[in-house]
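**Q** If you scroll down you'll find the structure; I have some questions about it.
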Amino acid sequence: MPDDKQPLLFPLDDEPAQTPAKPAAPTRRSRLLGAVLGAAIGDAMGHPTEFVGSFDAIRSRFGPEGVTGFRLYWDRDDQHFAPYTDDTQMAEIVLRSLLEEHTDLAAAMKRMAEGFVHWASHPQGGHRAPGNACMAGCRALERGAHWSEAGGATAGGCGSVMRAYPFGLVFADDLAKAEEWSVAHSKLTHRDPIALAASAAMAVGMALVLAERDPAWVGSEMVAAACRYSARTAVMMAQAIEEARNGTKPEVTLQRLQGWAAHEAIAAGLYVFTRHPDDPRTAILEGANTPGDSDSIATLAGALVGARCGIDALPAEWVREVERSTELTELANRIG
Ligand SMILES: [Mg+2]
């Protein structure tokens, strides 16, 4: 497990010169709220761009800057809101399960499995483009499969890493537990090593951001966590960090890392976070304006940068307009 004496995989002495001035340090409560709302906002921001398959197509549909704010709104039950997708639907189930059961792994996984099975047949607000592996895992769970074997052995999509951030929030003070439980939960729907690696990295990364670690330290430890399960995931993440630090443009890196697969998603999210650790607006928009799985990439980046910068650093309009903002705020306030 990481500690202060471990060598960094990446040096700290060449931070990007354009990083904006860091505001006053947010409180832990603000960071928890920022993580949950940042993830949901990223998800909703990337909702309309998820299946737009190129940077040119995004610009031609949404303008030369792509999406610069919410571009999809729904009106339901007298509410006007920017809808999120399956990422936040499933992450909410994970977070609620952990808040209710955080001592017994098997009991927590059983609770999560019940939540997933219910979601698969009664999705709150309708299904939002869920992945095939998530739905297949839910069907296996419904048939009675054990939680540790329900996910496909070669299911390596981003469906588990996109909902892994709650482990780093609830178990922020226990990195080993955050990693172990996040990896376990991936197996409900995704058992490929790249999905386990990405889920481990996201949980560890969230916990370290919440602990106010430097972004370079966070990235280094996320790579190390991934490497315990999948070397190629770690290599992909390390390359993404290097590209973020050497100024490689999103049109190159995020064209390659489209995020449909778990290792690409965590690498893409980490690339965006490394480029804009103190600028939630830019990070979320960069994640959303991608030709790949935009909502998931923006969710990962939004969770990380939201946890670093806190709720007050997120545009107030976005916090207000994202779907079920009040409920998500109440939920985040329950995290200890
Ligand atoms: Mg989605």
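The values are calculated or read from the model by the stated rules, or taken from the named source; none is laboratory data. Note that the structure is a prediction, hence the values are computed from the model and not measured. When we count neighbours, we look across all protein chains shown, and the Cβ atoms used for this are built from the backbone with ideal geometry, even at glycine.
**Q** Exactly one of (1) within 16 Å of the ligand (Cβ to nearest atom); (2) within 30 Å of residue 74 (Cα to Cα) is unmet by residue 195. Its number?
**A** So the condition that residue 195 fails would be (2).
**Q** Moving on. Would you say residue 153 is more than 16 Å from the ligand (Cβ to nearest atom) and surrounded by 24 or more Cβ atoms within 10 Å (Cβ to Cβ)?
**A** So residue 153 does not fit the description; no.
**Q** Within the range 270-297, take every residue that is in a helix (DSSP H, G or I) and within 13 Å of the ligand (Cβ to nearest atom) and give me the one that is surrounded by the most Cβ atoms within 10 Å (Cβ to Cβ). Spell out the reasoning first.
**A** Going through the range 270-297, the residues in a helix (DSSP H, G or I) turn out to be 270-275, 280-288, 294-297.
From what is left, the residues that are within 13 Å of the ligand (Cβ to nearest atom) are 287-288, 294-297.
Numbers: 287: 33, 288: 33, 294: 30, 295: 32, 296: 33, 297: 35.
Step by step, filter the range 270-297, then rank; the result is 297.
**Q** List pairs: first in the range 283-302 and under 18 Å from residue 249 (Cβ atoms), second part of a helix (DSSP H, G or I) and among the aromatic types (Phe, Trp, Tyr), Cβ under 7 Å, 6+ apart or cross-chain?
**A** 283/273; 291/55; 301/273
**Q** From the list 300, 331, which one is of a type in the set (A, V, I, L, M, F, W, C), out of contact with any Pro (no Cβ under 8 Å at 6 or more places or on another chain) and surrounded by fewer than 24 Cβ atoms within 10 Å (Cβ to Cβ)?
**A** Going through 300, 331 in turn, just one is of a type in the set (A, V, I, L, M, F, W, C), out of contact with any Pro (no Cβ under 8 Å at 6 or more places or on another chain) and surrounded by fewer than 24 Cβ atoms within 10 Å (Cβ to Cβ): 331.
**Q** Output yes when any residue across the range 307-320 is under 14 Å from the mean Cα position of the chain (by Cα) and farther than 22 Å from residue 74 by Cβ, and no when none is.
**A** yes
**Q** Here's a follow-up. I'm trying to understand the selection: among the residues of the range 108-128, which are of a type in the set (Gly, Ala, Ser) and part of a helix (DSSP H, G or I)?
**A** Looking only at the range 108-128, we keep the residues that are of a type in the set (Gly, Ala, Ser), and these are 108, 113, 115, 120-121, 125-126.
Passing the criteria: 108, 113, 115, 120, 121.
**Q** Give 212, 264 a once-over and let me know the one that is of a type in the set (Asp, Glu), part of a loop (DSSP other than H, G, I, E, B) and at pLDDT 95 or above.
**A** 212
**Q** Would you check which residues across the range 30-60 are outside any helix (DSSP H, G or I) and either hydrophobic (A, V, I, L, M, F, W, C) or farther than 14 Å from residue 71 by Cβ (or both) and list them?
**A** Applying the first criterion (outside any helix (DSSP H, G or I)) to the range 30-60 yields 50-54.
Result: 51, 52, 53, 54.
**Q** Something else about it: Kindly indicate the residue of the range 188-212 that is free of Cβ contacts under 8 Å to residues at least 60 places away in the same chain and more than 22 Å from residue 235 (Cβ to Cβ) and also surrounded by the fewest Cβ atoms within 10 Å (Cβ to Cβ) among those meeting that condition. First the steps, then the outcome.
**A** To start, the set of residues in the range 188-212 that are free of Cβ contacts under 8 Å to residues at least 60 places away in the same chain comprises 191, 193, 196, 200, 203, 207, 211.
Checking the rest, the ones that are also more than 22 Å from residue 235 (Cβ to Cβ) come to 207, 211.
On the way: 207: 28, 211: 17.
Residue satisfying both the conditions and the ranking: 211.
**Q** Moving on to the next point. Consider only pairs whose beta carbons are under 7 Å apart and that are at least six residues apart or on different chains; among these, list those whose first residue lies in the range 108-136 and is under 15 Å from residue 150 (Cβ atoms) and within 13 Å of the ligand (Cβ to nearest atom) and whose second residue is among the aliphatic types (A, V, I, L, M) and part of a loop (DSSP other than H, G, I, E, B).
**A** These pairs meet every condition: 133/155.
**Q** Going through the range 137-149 one residue at a time, which ones are more than 16 Å from the ligand (Cβ to nearest atom) and either hydrophobic (A, V, I, L, M, F, W, C) or not in a loop (DSSP other than H, G, I, E, B) (or both)?
**A** Matches in the range 137-149: 139, 140, 141, 142, 145, 147.
**Q** Check whether at least one residue in the range 54-66 is of a type in the set (A, V, I, L, M, F, W, C) and within 16 Å of the ligand (Cβ to nearest atom), and report yes or no.
**A** no
**Q** I've got another one for you. Working only within the range 67-93, note down all residues that are outside any helix (DSSP H, G or I) and within 12 Å of the ligand (Cβ to nearest atom).
**A** Those that are outside any helix (DSSP H, G or I) and within 12 Å of the ligand (Cβ to nearest atom): 83, 84, 85.
**Q** Further question on the same structure: For the range 94-107: of the residues being in contact (Cβ under 8 Å) with a residue 60 or more places away in the chain and part of a helix (DSSP H, G or I), which is farthest from the ligand (Cβ to nearest atom)?
**A** Ranking the qualifying residues of the range 94-107, first place goes to 105.
**Q** Another question about this same structure. Which pairs have Cβ atoms under 7 Å, sit 6 or more apart or on different chains, and link a residue in the range 41-66 that is at positive phi to one that is part of a helix (DSSP H, G or I) and away from the ligand (no atom under 13 Å from the Cβ)?
**A** Qualifying pairs under 7 Å: 66/58; 66/59.
**Q** So, one more: Using the structure shown, decide if residue 188 is modelled with pLDDT of 95 or more, away from the ligand (no atom under 15 Å from the Cβ), touching a helix residue (DSSP H, G or I) at 6+ places or on another chain (Cβ under 9 Å) and within 19 Å of residue 209 (Cβ to Cβ).
**A** Working: modelled with pLDDT of 95 or more: yes; away from the ligand (no atom under 15 Å from the Cβ): yes; touching a helix residue (DSSP H, G or I) at 6+ places or on another chain (Cβ under 9 Å): yes; within 19 Å of residue 209 (Cβ to Cβ): no.
Answer is no for this residue.
**Q** For residue 324, work out the one condition from (1) at negative phi; (2) buried (at least 17 other Cβ atoms within 10 Å of the Cβ); (3) not aliphatic (A, V, I, L, M) it doesn't fulfil.
**A** (1)
**Q** Since residue 302 meets every condition but one in (1) in a helix (DSSP H, G or I); (2) farther than 21 Å from residue 48 by Cα; (3) not hydrophobic (A, V, I, L, M, F, W, C), which condition does it not meet?
**A** (2)
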